[in-house]
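Trainee: The following block contains the structure, expressed as structure tokens.
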Amino acid sequence: ALCEGTGTGSASYKGSSVFRVIDGQNVGLGDIAGKGDKCVKSGTCVSAFGGPFLAETYSISHSVSGLVSMARGLTTEGETTVDSRIFITPAADAKWADGRYVAFGRLNQKDDSMQLLERLQKLEVQGAKNIPKKTVIIGESGIIR
């Protein structure tokens, strides 16, 4: 729904930005609310279902490069929630994410997706939150059939 802009309120990844780059670890994107981690504390995170929802499963191991996972937040009760924010791991060994983040997809290994991920990993960042100095916007999103 978020890829096609058919979620609650027609929210879409189109127009959202890369909000974090941790070299060698992950690239964070898909922050539809435009608030980064602040949406968790303020309750303004967006998902295909409206607001955050409970994390589903941790059964997919982060053991291949280009894996797409849901970023997480915590409810006041300490439950793990997820929303529109995702991250992509460039390394095949990202076991640090196992049991903490829900993996749900993988970049297409047959097109230029992995090369784009490599370019994003090289973005210059600022501050402790590793925010890219240059703004990178998702120009289009959709489902490839």
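Trainee: Would you mind telling me which numbered condition in (1) modelled with pLDDT under 85; (2) more than 20 Å from residue 13 (Cα to Cα); (3) not in a loop (DSSP other than H, G, I, E, B) residue 57 fails?
Mentor: With (1) modelled with pLDDT under 85; (2) more than 20 Å from residue 13 (Cα to Cα); (3) not in a loop (DSSP other than H, G, I, E, B) applied to residue 57, the lone miss is (3).
Trainee: For residue 115, state whether it is more than 15 Å from residue 25 (Cα to Cα) and at pLDDT 90 or above. Walk me through it before giving the result.
Mentor: Values: more than 15 Å from residue 25 (Cα to Cα): yes; at pLDDT 90 or above: yes.
Considered against the rule, which asks whether it is more than 15 Å from residue 25 (Cα to Cα) and at pLDDT 90 or above, residue 115 comes out as yes.
Trainee: Take the residues in the stretch 128-145 that are open to solvent by 60 Å² or more (accessible area, probe 1.4 Å) and more than 15 Å from the chain's Cα centre (by Cα), then tell me which one is nearest to residue 57 (Cα to Cα). I'd like the intermediate steps shown before the answer.
Mentor: Filtering the stretch 128-145 down to residues open to solvent by 60 Å² or more (accessible area, probe 1.4 Å) leaves 128-129, 131, 133-135, 137, 140, 143-145.
From the residues that got through so far, the ones that are more than 15 Å from the chain's Cα centre (by Cα) too are 128, 133-135, 140, 143-145.
On the way: 128: 29, 133: 34, 134: 34, 135: 32, 140: 28, 143: 23, 144: 24, 145: 25 Å.
Out of the qualifying residues, it is 143.
Trainee: Next question. Just to be sure I understand, how many residues within the stretch 6-22 are at pLDDT 60 or above and either in contact with a Lys or Arg (Cβ under 8 Å, 6 or more places away or on another chain) or not β-branched (Val, Ile, Thr) (or both)? Quick ask: steps written out before the conclusion?
Mentor: The first filter runs over the stretch 6-22 and keeps only residues at pLDDT 60 or above, leaving 6, 9-22.
Now drop any that are not either in contact with a Lys or Arg (Cβ under 8 Å, 6 or more places away or on another chain) or not β-branched (Val, Ile, Thr) (or both), which leaves 9-17, 19-20.
Residues that pass the stated criteria total 11.
Trainee: Can we say residue 76 is open to solvent by less than 40 Å² (accessible area, probe 1.4 Å) and either at pLDDT below 85 or touching a helix residue (DSSP H, G or I) at 6+ places or on another chain (Cβ under 6 Å) (or both)? Can you show your working first?
Mentor: Numbers: open to solvent by less than 40 Å² (accessible area, probe 1.4 Å): no; either at pLDDT below 85 or touching a helix residue (DSSP H, G or I) at 6+ places or on another chain (Cβ under 6 Å) (or both): yes.
When the stated conditions are applied, residue 76 does not pass them.
The values are calculated or read from the model by the stated rules, or taken from the named source; none is laboratory data. Because the structure is predicted, anything quoted here is derived from the model rather than measured. Neighbour counts run over all protein chains shown; Cβ positions are idealised from the backbone, glycine included. Remember, those area values only see protein heavy atoms, side chains included, never the ligands or the DNA or RNA. Shrake-Rupley method; radii C 1.70, N 1.55, O 1.52, S 1.80 Å.
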